[in-house]
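Take a look at the structure set out below.
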Amino acid sequence: MEKVFIKDLEKFVDKEVEIRAWVSNFRSSGKISFWQLRDGTGYSQAILAQADLSADMWEEAAKVTIETSVKVIAKVAKHPKKDEYELQVKDFEYIQIAEEYPIGKKEHGVDFLLDNRHLWLRSSKQWAIQRIRNTLIQATYQYMKENSFIKIDSPILTPNACEGTTELFELEYFDKKAYLSQSGQLYLEAAIFAHGRVFDFGPVFRAEKSKTRRHLTEFWMMDAEMAFADLDENLKIQEDLIRFMVSAVLDNNQADLDILERDTKPLENIIKPFHRITHAEAVAKLQSMGSKIKDNDDLGAEDETMLTKGFDNPLFVTHYPAEIKAFYMKHDDKDDSKALCADLLAPEGYGEIIGGSQREDDYDELLRRIKEHKLPVEEFQWYLDLRKYGSVQHGGFGFGMERIVAWVSGIQHVRETIPFPRTIYRLKP
Ligand code: 4AD
Ligand code: MG
């Protein structure tokens, strides 16, 4: 008897197979019972007919509960109407009859679901989201490989801040203080001098008190860094990468997008060139739309949503005032008050998904900035060193995987895009 996955059933029509799965739902109508089976690779309906089973087995079948694990021997049949495959059960054995499952068909509040995240992960929508996330991760690795980026694993324990000192998780490190990394960027800048183009992908931490639907305290960032690249080349790579990732989901996850009832038209727009506007243009536009944003303000979440509502494709906002951006960003030759940077905003109101910039490559200028930002010069000496031995024009960017998953999946809150979300309110399970 061949042991098969549900996703492969189409190859076994009219054959008997063995499936190991969970019963995600069941119903009975007199002499026939239907079990919806779920094995991780897909869903299939198993049909148990009293006529095909012994009296003992038919009685046994009535003991099924939601989430019961089973081994089923069945003949595979194509669904008469739909593009689905059914299982005509010949024999089955319970692996474990599940206790009463707390997540039922009724509506649950999000706190209850998050308290039961270890179980909620099994629900069809949550299953679909993680499968989309998986495709986005695989596509990232594939794109980076095809474009000569080497994966470099940056450390999580660090002696200094990367993105501003107010959002750092601090911990005791023997007789010193250490911080959880906010981004691997600074370490990737060291690695470009060995490898040219590099990226990392791993958990990063922000001790942000933000309660928005876009913020987690632990999230997965992909940082990319390139030697000899200006802002324009940096943006081209970002555009190409995002297009590649979204296309991969459209190619591989149609069933998951259906489960999530995601309208895929806005995702198909990804083939069009991304829009670009400067921060100054964005501010003028927002002011004309009634926002209270001032000339040198950062864009708030509301502003980002307002700006992208009118766009059907991602939007780069470039040349932010340097004073509101990180210390490492290179300033514009033509206007020293502006940084050579860009944020990429996802359409449909999802807001910032990527932050990136060209980096300051001059030793004296960078030292001045570190002092200006009141950062401890000794901790950044290694980073300054990079500007002493063959310094080159370089830049890169970082994306938050959860924000991309939320946008592509069309779900409102990033807490559903990561298996076990961490927010200011939640460290459990
Ligand atoms: O814009 P950020 O802070 O940029 C950096 O950390 C740079 N060092 C990256 C680089 O140039 N290598 O963060 C990058 C991205 C944001 O655009 C957003 O997608 C995500 O990380 N992000 C968050 N995602 C979830 N929760 C949070 N609290 C996030 N903060 C940033
Ligand atoms: Mg940012």
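The values are calculated or read from the model by the stated rules, or taken from the named source; none is laboratory data. From a predicted model like this one, the values you see are computed outputs, not experimental measurements. Please note: Cβ atoms are built from the backbone with ideal geometry, for glycine as well, and neighbour counts cover all protein chains shown. These area figures cover heavy atoms from the full protein model, side chains too; ligands, DNA and RNA do not enter into them. Shrake-Rupley method; radii C 1.70, N 1.55, O 1.52, S 1.80 Å.
Just name the residue that is farthest from ligand 2 (Cβ to nearest atom) out of those in the range 150-163 that are touching a residue at least 40 places away in the same chain (Cβ under 8 Å) and under 23 Å from the mean Cα position of the chain (by Cα).
Of the residues in the range 150-163, the ones touching a residue at least 40 places away in the same chain (Cβ under 8 Å) are 150-154, 156, 159-163.
Pick out the ones that are also under 23 Å from the mean Cα position of the chain (by Cα) and you get 150-154, 156, 162-163.
Numbers: I150: 25, K151: 23, I152: 21, D153: 22, S154: 18, I156: 20, C162: 12, E163: 8 Å.
The selected residue is I150.
In the range 169-192, the residue that is nearest to H215 (Cα to Cα) out of those that are away from ligand 1 (no atom under 16 Å from the Cβ) and open to solvent by 60 Å² or more (accessible area, probe 1.4 Å) is E170. So, in the range 132-149, of the ones that are surrounded by fewer than 18 Cβ atoms within 10 Å (Cβ to Cβ) and of a type in the set (S, T, N, Q), which residue ends up farthest from D362 (Cα to Cα)? Taking the candidates together, the pick is N134. Scan the range 150-168 for residues that are open to solvent by 70 Å² or more (accessible area, probe 1.4 Å), closer than 16 Å to R206 by Cβ and assigned to a strand (DSSP E or B) and the total you get is 1. Among the residues in the range 306-313, are any of a type in the set (G, A, S) and free of Cβ contacts under 8 Å to residues at least 12 places away in the same chain? Yes, the conditions are met somewhere in the range 306-313. One residue stands out among those in the range 68-94 that are under 29 Å from W120 (Cα atoms), out of contact with any helix residue (DSSP H, G or I) (no Cβ under 9 Å at 6 or more places or on another chain) and among the hydrophobic types (A, V, I, L, M, F, W, C): the one that is most open to solvent (accessible area, probe 1.4 Å), which is I73.
Anything in the range 215-228 that is within 12 Å of ligand 1 (Cβ to nearest atom) and in a loop (DSSP other than H, G, I, E, B)? List them, or say none. Working first, answer last.
Narrowing the range 215-228 to residues within 12 Å of ligand 1 (Cβ to nearest atom): 215-226.
Scanning the range 215-228 gives H215, L216, T217.
Take the residues of the range 324-353 that are acidic (D, E) and away from ligand 2 (no atom under 15 Å from the Cβ): which is nearest to the chain's Cα centre (by Cα)? The selected residue is E348.
The strands (runs of 3 or more DSSP E) located wholly in the range 1-67 that include 2 or more residues which are open to solvent by 90 Å² or more (accessible area, probe 1.4 Å) and modelled with pLDDT of 95 or more occupy 16-29.
Any idea which of (1) surrounded by 21 or more Cβ atoms within 10 Å (Cβ to Cβ); (2) more than 16 Å from ligand 1 (Cβ to nearest atom) is the one D303 doesn't satisfy? The number of the failed condition is (2). Would you mention how many residues in the range 171-209 are touching a residue at least 24 places away in the same chain (Cβ under 8 Å) and either assigned to a strand (DSSP E or B) or out of contact with any helix residue (DSSP H, G or I) (no Cβ under 8 Å at 6 or more places or on another chain) (or both)? Of the residues in the range 171-209, 22 are touching a residue at least 24 places away in the same chain (Cβ under 8 Å) and either assigned to a strand (DSSP E or B) or out of contact with any helix residue (DSSP H, G or I) (no Cβ under 8 Å at 6 or more places or on another chain) (or both). Of all residues in the range 120-146, those that are in contact (Cβ under 8 Å) with a residue 40 or more places away in the chain, farther than 23 Å from R243 by Cβ and of a type outside the set (D, E, K, R) total 4. Being open to solvent by 70 Å² or more (accessible area, probe 1.4 Å) and at pLDDT 95 or above is a condition met by no residue of the range 197-217.
Is it true that D14 is among the acidic types (D, E), over 28 Å from the mean Cα position of the chain (by Cα) and either under 23 Å from N253 (Cβ atoms) or not assigned by TED's automatic domain parsing to the domain that holds D256 (or both)?
Values: among the acidic types (D, E): yes; over 28 Å from the mean Cα position of the chain (by Cα): yes; either under 23 Å from N253 (Cβ atoms) or not assigned by TED's automatic domain parsing to the domain that holds D256 (or both): yes.
Yes: the conditions hold for D14.
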